[in-house]
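I have placed the structure first, in the form of structure tokens, so that the comments after it can refer back to it.
The values are calculated or read from the model by the stated rules, or taken from the named source; none is laboratory data. What you see is a predicted model, and the numbers here were worked out from it, not measured in a lab. Because the Cβ atoms are built from the backbone with ideal geometry, glycine has one as well, and the counts that use them run over all protein chains shown. Accessible surface is based on the protein model in full, side chains and every heavy atom, while ligands, DNA and RNA are left aside. Shrake-Rupley method; radii C 1.70, N 1.55, O 1.52, S 1.80 Å.
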Amino acid sequence: MKKIIIGNWKLNLDHLEAIQLLQKINYSLPDNIEDKIEIILSPSFTSIRSLQTVISSDKLKIKLSSQNVSQFSSGAYTGEVSATQLKKLEIDYGIVGHSERRTLFNEIDLVINDKVNRLIENDIVPVFCFGERIEERKSGSYFNFIENQINEGLKGLRKDKVNKLVVAYEPIWAIGTGEVASLENIVEVLDFVKNIISKKPFFNEDNIKFIYGGSVSPDNAQEILNSKIIDGVLVGGASLDATKFVDIIKAVEL
Ligand code: PEP
């Protein structure tokens with residue numbers, strides 16, 4: 001299975017800076033890397049159109065993801081961006097349920113489930129994020145916590161609709177902290193989650209990828225990316241530095 005590497009730029013870069021970083025990353029990529037690794041960038045909404053124009057006119061093999069999407073399709077929802085609008089911009093992926101959305105913007109499972117559905121209806125692959133807080137990790141209750149996030153966030157999905165899905169384990173204590181989860185931690189949780197998802201009606205072994213995110217850097221990427229259990233990584237901070245991001249991509253043993 002092709003590994004996927006997603007760079008989440010969060011609330012950083014205006015559209016001109018975003019174009020520069022895209023070009024820098026693209027320039028440093030080994031030839032034909034896209035045949036072996038799927039590379040996805042997730043900029044702010046304001047940069048998507050500019051990046052999409054560069055990608056399509058220069059025929060770059062980098063794909064785009066949104067960082068968020070509205071739970072609504074259209075209507076009187078000031079400030080929202082719909083999945084249909086994103087699809088017109090040739091977005092392939094959409095991050096949903098990122099812990100920063102869950103904790104800072106009070107996004108609950110019900111809303112996240114709606115967002116997953118809006119993306120699927122528009123043929124955009126959801127990058128569904130889940131993960132425990134330090135409290136659940138320390139108390140040992142993280143399995144229950146995660147099971148609930150998976151069951152509620154991916155509720156009611158139908159096999160005939162879910163073409164592809166990315167499921168990203170992002171323990172909150174590892175995001176932006178420099179504290180990376182151990183390979184043992186990651187494999188334990190991804191195994192647990194794969195087992196839950198394998199019993200869901202939408203399960204399709206070939207079309208669901210299980211990835212990890214949380215302080216991934218060139219120093220730890222090799223171990224994580226070359227594990228057979230882990231299909232890729234979601235990279236925050238290090239994706240804002242072209243050299244670091246490309247070094248993470250190069251860590252995949254081809
Ligand atoms: C993220 O934003 O999803 C993330 C994993 O961030 P960082 O790599 O900075 O921990």
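A few points about this structure:
- When region 10-44 is filtered for residues that are in contact with a strand residue (DSSP E or B) (Cβ under 7 Å, 6 or more places away or on another chain) and acidic (Asp, Glu), only Glu38 remains.
- The number of residues in region 96-124 being within 16 Å of the ligand (Cβ to nearest atom), open to solvent by less than 50 Å² (accessible area, probe 1.4 Å), in contact with a helix residue (DSSP H, G or I) (Cβ under 9 Å, 6 or more places away or on another chain) and not basic (Lys, Arg) comes to 5.
- Tally of residues being open to solvent by 30 Å² or more (accessible area, probe 1.4 Å) and either touching a strand residue (DSSP E or B) at 6+ places or on another chain (Cβ under 7 Å) or within 8 Å of the ligand (Cβ to nearest atom) (or both) across region 218-243: 1
- Of all residues in region 211-232, those that are over 16 Å from Val166 (Cα atoms) and in contact (Cβ under 8 Å) with a residue 40 or more places away in the chain have Cβ atoms under 9 Å from Cβ atoms of residues that are in a helix (DSSP H, G or I) and within 14 Å of the ligand (Cβ to nearest atom), 6 or more apart or on another chain, in Ser215/Ala174; Ser215/Gly237; Ser215/Ala238; Ile224/Ile186; Ser227/Ile186.
- Restricting attention to region 28-49, the residues that are over 25 Å from Val167 (Cβ atoms) and without any contact (Cβ under 8 Å) to a residue 24 or more places away in the chain add up to 2.
- Phe145 satisfies every condition listed in (1) away from the ligand (no atom under 14 Å from the Cβ); (2) hydrophobic (A, V, I, L, M, F, W, C); (3) in a helix (DSSP H, G or I); (4) within 17 Å of the chain's Cα centre (by Cα) except (4).
- Filtering region 204-241 to residues that are part of a helix (DSSP H, G or I), closer than 19 Å to Ser66 by Cα and of a type in the set (Gly, Ala, Ser) leaves Gly237, Ala238, Ser239.
- Some residue of region 158-170 being in contact with a strand residue (DSSP E or B) (Cβ under 9 Å, 6 or more places away or on another chain), modelled with pLDDT of 95 or more, assigned to a loop (DSSP other than H, G, I, E, B) and within 12 Å of the ligand (Cβ to nearest atom): yes
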